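Encoded as structure tokens, the structure appears first; notes follow it.
Nothing in this text is a laboratory measurement; each read-out follows from the coordinates by a stated rule. Since the model is a prediction, treat every value here as computed from it, not as a measurement. Ideal geometry is used to build each Cβ from the backbone, glycine not excepted, and the neighbour counts take in all protein chains shown.
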Amino acid sequence: MDYGRLIGEAWRLTWRHKFLWVLGLFAPSTVGSCSVSYPGGSSHWRMDSGDLRALPPDLQRGLVDAAFWLYWNLDLILLVLALAALVGLALLVVSLIAQGGMARGTADVALGQPTSLGQVWETGVRLFWRYLLLFLAMIGLVIVVALVVGAVVALGVWVISLASGAAQAVSIAFGVLVGIVLFLVVVSVFIAIGVGVAFAQRAVAVEDVGPVAGLGIGFRLLRERPWRTLLVWLISLALSIGAGLAVALGVLVLLVPLGGIAVLLFITTGPSAGAFAYSAVALTLLVAGAWLLSAIANTFFWHYWTLAYLSFTGRLADQPEVREA
């Protein structure tokens, strides 16, 4: 595979077929990620009335006022939470439809087949349930890995707690080494899951198969071409870092003039209605600009991984732009 041509072709398709940017707004292109959550374990500390009286009087009044406000506005809070949940659910539905459309659309333009935004959207709607099951399967795989890791860690802690003296020191040192190896293995597994799911996303749309068959194709490609896939992933990682910096730079370019004008307005007119109105418009433009740049980056990486999938499956064997060696 000519990786330079792969990158160049992905960018050429991204810039030439701008209608896919619309789907890129809602279809993240992340191949695989390890999210770190705060380990909020159980706590035996409780605040009682004595602890509250030990606080400064102003802070006590603030806490009491906040508690009363929460009590009297509980219905409003629940309504806001319900609306947020509905918005999140709607975004998830749109995202899954956009993923199916992006998988089909990027494959069509790579193979030179005619397509349009309406066609790829209809494909995404038709494949929605498959991508939902694929999404749930990915979550299931992550949960299984997390449970296995948690069981291994718990077993290690239990073994160390049984030892004492020099044996405990040796056990801790051995546990640290095992922990390092386990960390590397877990990272590798998460990368493999991300790449396998990325290939499965393309397989579902291109081969018109179900999520289970798509996962089978994805992990088969990963198993048959481990080193080539690893190189594709490493290049993607480097490109994603560069894309993140480019998006941040673009946001900064927008922020400097927009923010500068807002500061001048507040200095000259104070906290006036005009200053606040301009700030709201400037913030909207800044968010829209950042979203657009992210959509372009998402579309590029969808093209990148679709071209890699088509190359690995032999569909681009006769294409002059991207050809396997």
- Note on the structure: Heads up, segment 100-141 by the C-alpha gyration tensor (a ≥ b ≥ c square roots of eigenvalues; a/c under 1.5 rounded, else a/b over b/c prolate, else oblate) looks oblate
- Query: When a footprinting reagent is the concern and you count Cβ atoms within 10 Å, what order do Glu122, Glu9, Glu224 take, fewest first?
  - Reply: Glu224, Glu122, Glu9
- Using a/c under 1.5 as the rounded threshold, could you call segment 80-180 rounded, prolate or oblate? The axes a ≥ b ≥ c are square roots of the C-alpha gyration tensor eigenvalues, and prolate needs a/b larger than b/c, oblate otherwise. prolate
- Note on the structure: Taking R0 as 25 Å and r as the Cβ-Cβ distance between Leu286 and Leu230, the FRET efficiency 1/(1 + (r/R0)^6), rounded to the nearest 0.05, comes to 0.10
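Mean separation of Cα pairs under 8 Å and 6+ residues apart, divided by the residue count of segment 128-224: what relative contact order is that in percent? Don't skip to the end; give the middle numbers.
Values: 60 pairs, mean separation 29.2, N = 97.
Value for segment 128-224: 30 percent.
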- Estimated inter-spin distance, Thr268 and Ala167, nm [label 7 Å along Cα→Cβ]: 7.9 nm
- Query: What shape does segment 128-224 take by its C-alpha gyration tensor, where a ≥ b ≥ c are the square roots of the eigenvalues and a/c under 1.5 counts as rounded, a/b above b/c as prolate, and the rest as oblate?
  - Reply: prolate
- Derived scalar couplings ³J(HN,Hα) [segment 186-201; Karplus, 6.51 cos²θ - 1.76 cosθ + 1.60; whole Hz; x for Gly, Pro]: 5, 4, 4, 5, 5, 4, 4, 4, x, 5, x, 5, 4, 5, 5, 4
- Message: What's the ranking of 76-88, 97-109, 138-150 by average number of surrounding C-beta atoms within 10 Å, highest first?
- Response: 97-109, 138-150, 76-88
- Task: Give the distance, in whole Å, between the Cα centre of segment 123-163 and the Cα centre of segment 235-312.
- Result: 33 Å
